[in-house]
Structure formats: C-alpha cells, structure tokens
C-alpha cells in the first residue's frame, strides 16, 4: 500500500500542465468511453440534425408565424438554461479530471454541482412550458409551437436521462467502483457518461440560437 | 503553461462569452431586419466555435483518434452551414 508521500507524488505527477499531457498523449490517441456509447451519440446527433434542419425549413415556409412564435418565447430563460448547461458540462469535465488524479470524493462533489445546474435547467424549462400553457399555447397551436414543443421536450428527456446517468456515476465513484487499476480502462464507464452529458449540452448549443435567437 | 483544470475553466469562460455575444447580436438584429442572412451566419459561426470547445476540451476529442474528432467537428460545422443555406 503506497504511503502518503508516494500518493502525493503520484498525484503531483498526474497534475501535469496541459502541454505536457498533450505531449504524453500524442502518441496514444484514445477515444474516451465505450465505442457503443459513441455510436449512440452519433445516432442521437443525427436525429436532432433532422429536427434542426426541419425546423429551419419550416421557418422559411412560415416566416411571419415563426417570428411571432419566437417573440412569445422566454429568451432570458433560454439564456439562463444555456449558461446552466454549459456550467454543468464544465463540472462533469472537471469531475472526470478528479477521477484521473484519484480524488473520488472531489469527483462526486463536482458531479453534484453538475446535477445542481442541470436541475436549474429542469425547473426553468418546466416553468417555461407552464407559462406557455397558461397563455393557451400548446403543441397544437400552430406549426411553430408543434416543432418547439417536440424538439425541446425531446431534448428535455435527454437531460433527464443524463441526470440519471450522472447520479449513477456519482454513486459508483462514491463506492470506489472506478478504481480497478488492472482493467484496461477503469474510467471507461465514467467517460461514457460524461461524453453523453456533453452531447446533450452540444445539442442545446445548437437548439437555443436556432429556436430562441435567430 | 496552463494546468489542465485551468484549460477547462478557460473553455467555460469562452463558451459563456460566445453565448452572451450571440444573444446580444440577436437583440441588435431584431431591431434591424427580419431574418438577415448575415446575422444568421454569424450566429451559426458562433455555434461552430462553441461546439469546437465542447468537442475538443470537454469531450477531450482533441486527444482522440482523428476520425472521431473530425466526425464530431463536421457535425457542428455542417449542420449550422446547412441551416444558413436554408435561410439564404
């Protein structure tokens, strides 16, 4: 069992500068997480690409309707949601870094922060829906709102799944289930979950400007 | 030389800045013309820049096999490009 000095040295060696890490990993390029997760990610990106392109085409066929519809959306809520998801992604990214330098408890804490910011998104999105419903606007109001509710609700479901995944990762990290140094990639599950979450953030980064801004 | 965690923080800052910039540009153009193609192209470019940060830094694909990195980068370039062309 390594003593404290050896552990500290190991952690200091792991906490290299960005350029040093880049040099070390240049020779070995590894796809983070499981390959299956990446095929799933590509499949989801494809579905959303069809949604985004369909939305753009529909807007060009109904310019006035879409302009009026967008004016009824809560841009500030959308902006806060964007910031919340980016911040959540940031905490997921640094939680993976914590795992790699063997700071599991720190990783769990960072995942909790990530879940907190995701919860902000959930609350705000539900408030947004409720606000529209109160104005008598729903999925059948017109083409704009049909697409708005379809696309954002589909993304919302992905957020919920992502939160379950993050919670599962936090549980496993807390229980020390990612510390098997003899496995080929002991963090594969963690990396897969993290990449899924970043994908969800990536989708919102396209969705928000497309539906709320332009 | 920056530490790895600082790289993530810088990325976060850049993403937030780009987000605010796209909203600010949107506010400006809202009072100008309806569906200005230039405005849309700028917003789509911002999407590509933000996507690149998420892909290269958060997803760590900068250190992944080039094929996967290129596929993901292509997504955040091609999809916004198609959207821009639709609005032209």
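So the values come out like this:
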item	result
Which listed residue, of A:136, A:162, is surrounded by fewer than 17 Cβ atoms within 10 Å (Cβ to Cβ) and free of Cβ contacts under 8 Å to residues at least 60 places away in the same chain	A:136
Residue check, residue A:101 facing chain B (nearest Cβ under 10 Å), surrounded by fewer than 20 Cβ atoms within 10 Å (Cβ to Cβ) and either farther than 27 Å from residue B:20 by Cα or touching a residue at least 40 places away in the same chain (Cβ under 8 Å) (or both)	yes
Hey, residue A:160 more than 24 Å from residue A:87 (Cα to Cα) and assigned to a helix (DSSP H, G or I) or not	no
Considering residues of the range B:3-30 that are over 15 Å from residue A:89 (Cα atoms) and at the interface with chain A (Cβ under 7 Å from one of its Cβ atoms) only, the residue surrounded by the fewest Cβ atoms within 10 Å (Cβ to Cβ)	B:3
Filter pass, residue A:77 being over 21 Å from residue B:57 (Cβ atoms) and either crowded, with 16+ Cβ neighbours inside 10 Å or at pLDDT 95 or above (or both)	yes
Test: residue in the range A:169-185 that is under 25 Å from residue B:49 (Cα atoms), modelled with pLDDT of 95 or more and assigned to a helix (DSSP H, G or I)	no
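The values are calculated or read from the model by the stated rules, or taken from the named source; none is laboratory data. The structure presented is a predicted model; accordingly, all values stated were derived computationally and were not measured. With ideal geometry, Cβ positions are generated from the backbone for all residues, glycine too; neighbour counts draw on all protein chains shown.
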